[in-house]
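The values are calculated or read from the model by the stated rules, or taken from the named source; none is laboratory data. Because the structure is predicted, anything quoted here is derived from the model rather than measured. Virtual Cβ from ideal backbone geometry, glycine too; neighbours counted across all protein chains shown.
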Amino acid sequence: MTALRSWVATRVAVALLVLAGAAQVFGGRGQGFLDRWDSWDVTLFRKVAEFGYAGYPQHYPDKDIEAFFPGFPLVLRAVHTVVPDWTAAGLLVSLVAGAVAVVFLARLAELDGVDGGRAALYLLLSPYAVFLAAGYSEALFLAVALPGWYAAKKGNWALAGLLVAAACTVRVSGAFLAVALVVQWLTTSRDRRALPWLAAPFLALLGYAAYLHHLTGDWLRWQHAQASTWGRHLTSPWQALQTTWDAARNPSLGAEYQWSFRAELVAVAVGVLVTMVLLARRQWGEATYVGLSVAALATSTYYLSVARATLLWFPLWLLLAELAARRPWVHIAYVAVATPLMAVVVLAFTAGRWVG
């Protein structure tokens, strides 16, 4: 219940921030509340939900839309049948999905004897927690990934496989979780009856690839879409680091992009640290999930949306809650630093600024 209370309280706080920002920071002019949430990927998810991947040229000029997995658009389309406004429907999906996510994050924490309420609070106060409120796919991913991992920890491999398969339809991060699920099985169970269920996530990924092949004739269409529009190619980790480092120090990009790239550098460092800690603790499944996520993001042309991806690294929030229980100053420091940063990012995102 503590996790749900934190979810409700922070949702109210985010709404008040947006309303106060519109009235005070932006002088009460321009967009309404819903309009402030209708930007960046929100519009792209809506277009997939409304028109599909083929789309209609007069309404759908965006290229390489196949980079967005179908899970969130499908749920958005279903909710839109009862919520006519697309932006409101997206907010509702994230609202409900986020509630499910924090409940299961708390349950995962409690399996390890950690304060689940604190783990949920730290997630909700993340500087990038605005993406749990917006019509993005992060909250929905966590809403299926976390129950899936909880089921795996409880030895329910059938449910775990199905839920992780659902996660694989929402974000590419599901692929990393699918591999982690196999590692978790190898290190904790090896019950062969689980094998068909462990295959389910990979079949989901194959299904999306097959659909894109049917649509475009390209089995690797998702990867090629990433490369074509976002310039994301496989590169060496040191080259990716150098490119991002240079961007973070390049004044011609403007302050918002400089700060964004600095946040990406910090996020990769956090991901590497969390992976090392998990390996040292022999939490092989969790280490696989975070490690693969970091490796994929850190070998792209440049670091993009890594800071946002930290929301999906659930072991981070569990470790942070455990550390704060032993070192009370960690709780105070995190809340003191993360809360104003979260508020700034909420205001920036709903003002249409790039935040990650």
I need the full set of residues from region 241-288 which are of a type in the set (S, T, N, Q) and within 25 Å of residue 150 (Cα to Cα), in order please. 275, 283, 288
Residue under evaluation residue 63, criteria (1) surrounded by 15 or more Cβ atoms within 10 Å (Cβ to Cβ); (2) farther than 25 Å from residue 342 by Cβ; (3) touching a residue at least 60 places away in the same chain (Cβ under 8 Å), criterion not met: (1)
Just wondering, is there one or more residues in region 104-121 that are among the basic types (Lys, Arg), surrounded by 22 or more Cβ atoms within 10 Å (Cβ to Cβ), under 24 Å from residue 282 (Cβ atoms) and in contact with a Ser or Thr (Cβ under 9 Å, 6 or more places away or on another chain)? yes
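Results for (1) modelled with pLDDT of 90 or more; (2) more than 30 Å from residue 218 (Cα to Cα); (3) part of a helix (DSSP H, G or I); (4) of a type outside the set (Asp, Glu), shown as yes or no for each residue.
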residue: 6; (1), (2), (3), (4): yes, yes, yes, yes
residue: 10; (1), (2), (3), (4): yes, yes, yes, yes
residue: 19; (1), (2), (3), (4): no, yes, yes, yes
residue: 66; (1), (2), (3), (4): no, no, yes, no
residue: 69; (1), (2), (3), (4): yes, no, no, yes
residue: 72; (1), (2), (3), (4): yes, no, yes, yes
residue: 76; (1), (2), (3), (4): yes, no, yes, yes
What single numbered condition from (1) without any contact (Cβ under 8 Å) to a residue 12 or more places away in the chain; (2) under 11 Å from the mean Cα position of the chain (by Cα) fails to hold for residue 171? (1)
Considering residues of region 154-188 that are among the hydrophobic types (A, V, I, L, M, F, W, C) and not in a helix (DSSP H, G or I) only, the residue modelled with the lowest pLDDT: 172
Within the set of pairs 6 or more residues apart or between chains, which connect a residue that is more than 16 Å from residue 270 (Cβ to Cβ) and of a type in the set (Asp, Glu) inside region 283-294 to a residue that is in a helix (DSSP H, G or I) and modelled with pLDDT of 95 or more with Cβ atoms less than 8 Å apart? none
What are the residues in region 305-351 that are modelled with pLDDT under 95 and not in a helix (DSSP H, G or I), if any? 305, 351
Could you look through region 109-153, keep only residues that are in a helix (DSSP H, G or I) and charged (D, E, K, R), and pick out the one that is farthest from residue 321 (Cα to Cα)? 138
Name every residue in region 132-179 that is aromatic (Phe, Trp, Tyr) and farther than 19 Å from residue 193 by Cα, in order of residue number. 136, 141, 176
Test set (1) surrounded by fewer than 21 Cβ atoms within 10 Å (Cβ to Cβ); (2) under 15 Å from residue 176 (Cβ atoms) - residue 336 fails condition number: (2)
Condition met for residue 256 (touching a Leu at 6+ places or on another chain (Cβ under 8 Å), assigned to a helix (DSSP H, G or I) and among the charged types (D, E, K, R)): no
